[in-house]
Amino acid sequence: MTNADSRSFACFAGRRAGRSIVRMILFGFVCATVKLSVGERKKIMTPKKARPKNITEYINAAPKEARKKLREMRACIRASAPGAEESLKWGMPAFSCRRILVMFAAFKHHIGFYPTSSAVKAFAKDLSKFATSRGGIQFPLEKPLPLPLVRKITAFRVKESMEKDKKWRTAH
């Protein structure tokens with residue numbers, strides 16, 4: 001492929017799209033030159049992982065170091081919010097009862113727990129040992145999970161959710 005050819009592709013498809021077209025052509029050229037079979041080309045390109053459909057699949061797809069803690073977190077939240085429905089929201093395990101109560105997720109170095117900003121504010125003193133953001137808490141993977149604190153925060157969210165829902169109920 002000549003320099004003029006690559007420039008015409010770039011002008012035709014836009015600068016970024018042009019580069020990807022050139023890369024695809026060059027990749028095809030390299031495969032043809034080296035004479036790779038279709039099976040060998042597939043080995044070079046990595047397939048996308050299937051997205052988990054439920055919390056169990058999410059936990060099984062998580063890094064091995066985080067799985068035990070994710071199971072502990074799930075059991076703890078289940079015990080604190082027995083009527084809550086389990087689902088995946090934005091690709092993260094979530095517990096909801098009319099509204100999302102809490103969510104959690106696995107990361108490379110921590111477990112993220114997302115109980116909303118009101119809960120983080122209410123438990124700010126207890127959470128001083130952990131990295132927090134407006135609506136989230138980070139529990140390091142190398143330390144044990146503070147399950148009693150997770151229980152308290154989840155119970156707080158259940159109570160808060162029920163109180164907010166009472167305001168919107170009408171008398172029949």
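The values are calculated or read from the model by the stated rules, or taken from the named source; none is laboratory data. None of the values given here were measured: they were computed from a predicted structure. Counting neighbours? That spans all protein chains shown, and the Cβs are built from the backbone with ideal geometry, glycine included.
Applying the condition of being in a loop (DSSP other than H, G, I, E, B) and touching a residue at least 40 places away in the same chain (Cβ under 8 Å) to the range 108-121 and asking which residue is surrounded by the fewest Cβ atoms within 10 Å (Cβ to Cβ) yields LYS108.
Within the range 122-133, the set of residues being surrounded by fewer than 16 Cβ atoms within 10 Å (Cβ to Cβ) and over 13 Å from GLY112 (Cβ atoms) comprises ALA124, LYS125, ASP126, SER128, LYS129.
Among the conditions (1) out of contact with any Ser or Thr (no Cβ under 6 Å at 6 or more places or on another chain); (2) closer than 17 Å to VAL158 by Cβ; (3) of a type in the set (A, V, I, L, M), ALA106 misses just one, which is (2).
Against the numbered list (1) touching a Pro at 6+ places or on another chain (Cβ under 9 Å); (2) on the phi > 0 side of the Ramachandran plot; (3) in contact (Cβ under 8 Å) with a residue 60 or more places away in the chain, PHE139 comes up short only at (2). Of the residues screened, LYS53 is not one that is outside any strand (DSSP E or B), loosely packed, with under 12 Cβ neighbours inside 10 Å, modelled with pLDDT of 55 or more and touching a Pro at 6+ places or on another chain (Cβ under 8 Å). When GLU85 is tested against (1) surrounded by 13 or more Cβ atoms within 10 Å (Cβ to Cβ); (2) farther than 20 Å from LYS143 by Cα, exactly one condition is not met: (1). With the structure loaded, tell me whether CYS97 is assigned by TED's automatic domain parsing to the domain that holds PRO148, at pLDDT 95 or above and in contact with a helix residue (DSSP H, G or I) (Cβ under 8 Å, 6 or more places away or on another chain) or whether it fails that test. The answer is no for CYS97.
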